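To start, the structure itself, in structure tokens.
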Amino acid sequence: MNQTELLEETLILARKAGSAIMGIYNKDFNVEYKADESPVTDADLAAHKIISAGLKKLTPDIPVLSEESADIGWDVRQTWNSYWLVDPIDGTKEFIKKNGEFTVNIALIENGKPVLAVVDAPALGVSYIAAEAIGAFKDKGDERIELKVTTKPNKGLIRVVGSRSHPSPDLAEFVKRFDEVEMVSKGSSLKLCLVAEGSADIYPRLGPTCEWDTGAGHAIAEIAGAKVTQLDGSPLLYNTKDEYLNPFFVVSALEE
């Protein structure tokens, strides 16, 4: 299966999960809490089952790592050259608040790098898709727009993305390097997609995230032309250690 076919099938699968999520979103639903106090809902579990089963059918030889099945040991994961990285609902807190800013994240990781991805925002009716061999696009169902970052800020104003649910005290210090700043708040992996579509210039993530939070959005942003790096400028990589926690990172469309 080539990247075009695989991307389209992944989009169909993400939207199928999104439909199941919306069926729960529009009703009352249960909220439970994991050991790390992060919330999980009926919708997370329903989407996980749909995506995991769909990916195993679509690519039976490629393993699947989902936030809701993250108990796969490092002794197994370190043998993977390719795998699917899934967050059934990124932005569960946004889901619970019912503000629409949550996403379904599916990314194909090859040798530590995301090379194909779908970020579907079912409550907003929009999907972001990307593959290295094809490009990055925003899909509204009846319209598909190619994504390109904005490398030259408008009149020196730097649009900085911040998290709606995880404000970081370090962010205020980070933005002091710019003369004029406009803050843009957004939940979930939509933050990375804002940079990809040219609606923001930089997203410094100076707080904790896990690999499934970022893999899909990382692919969208990078394939659209952004740089996704750790604070020291080295690449943000996946499945290179025995834990899932990311280092701090920056997604930037700014020219150096």
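The values are calculated or read from the model by the stated rules, or taken from the named source; none is laboratory data. As the structure is a prediction and not an experimental result, all values here were calculated from the model. Cβ placement follows ideal geometry from the backbone for every residue including glycine, while neighbour counts extend to all protein chains displayed. Keep in mind that these areas ignore ligands, DNA and RNA; they rest on the heavy atoms of the full protein, side chains included. Shrake-Rupley method; radii C 1.70, N 1.55, O 1.52, S 1.80 Å.
Structure notes:
- Complete set of residues in segment 15-37 that are of a type in the set (Ser, Thr, Tyr) and under 25 Å from Val118 (Cβ atoms): Ser19, Tyr25
- Matching option when the condition is under 22 Å from Ala221 (Cα atoms), of a type in the set (S, T, N, Q) and either in contact with a Ser or Thr (Cβ under 7 Å, 6 or more places away or on another chain) or touching a residue at least 40 places away in the same chain (Cβ under 8 Å) (or both), among Ser66, Ser82, Ser52: Ser66
- Count of residues meeting criterion [charged (D, E, K, R) and modelled with pLDDT under 95] in segment 68-86: 2
- Positions within segment 199-217 being touching a strand residue (DSSP E or B) at 6+ places or on another chain (Cβ under 8 Å) and within 20 Å of Ile158 (Cα to Cα), in sequence order: Ser199, Ala200, Asp201, Ile202, Tyr203, Pro204, Arg205
- Looking across Glu101, Glu94, one residue alone is in a loop (DSSP other than H, G, I, E, B) and in contact with a Phe, Trp or Tyr (Cβ under 9 Å, 6 or more places away or on another chain). It is Glu101.
- Subset of segment 74-91 (residues that are open to solvent by 60 Å² or more (accessible area, probe 1.4 Å) and either at positive phi or part of a loop (DSSP other than H, G, I, E, B) (or both)): Gln78, Thr79, Asn81
- Of the strands (runs of 3 or more DSSP E) entirely within segment 129-176, those holding at least 1 residues that are at pLDDT below 85 and of a type in the set (Gly, Ala, Ser) occupy 157-163.
- So Pro60, is it out of contact with any Pro (no Cβ under 6 Å at 6 or more places or on another chain), over 16 Å from Ile21 (Cα atoms), in a loop (DSSP other than H, G, I, E, B) and modelled with pLDDT of 95 or more: yes
- Of note, Ala133 does not satisfy the criterion of being more than 30 Å from Asp61 (Cβ to Cβ) and open to solvent by 30 Å² or more (accessible area, probe 1.4 Å).
- For segment 117-145, the tally of residues that are over 18 Å from Lys186 (Cβ atoms) and in contact with an Asp or Glu (Cβ under 7 Å, 6 or more places away or on another chain) stands at 3.
- Meets criteria (touching a Ser or Thr at 6+ places or on another chain (Cβ under 7 Å) and either not hydroxyl-bearing (Ser, Thr, Tyr) or not in a helix (DSSP H, G or I) (or both)) for Val118: yes
- Check on Thr10, modelled with pLDDT of 95 or more, surrounded by 14 or more Cβ atoms within 10 Å (Cβ to Cβ) and touching a strand residue (DSSP E or B) at 6+ places or on another chain (Cβ under 6 Å): yes
- Restricting attention to segment 16-42, the residues that are basic (Lys, Arg), at pLDDT 85 or above and either under 20 Å from Gly135 (Cβ atoms) or exposed (fewer than 13 other Cβ atoms within 10 Å of the Cβ) (or both) add up to 1.
- Any hit, segment 109-121, residues being within 14 Å of the chain's Cα centre (by Cα), open to solvent by 40 Å² or more (accessible area, probe 1.4 Å) and more than 23 Å from Leu45 (Cα to Cα): yes
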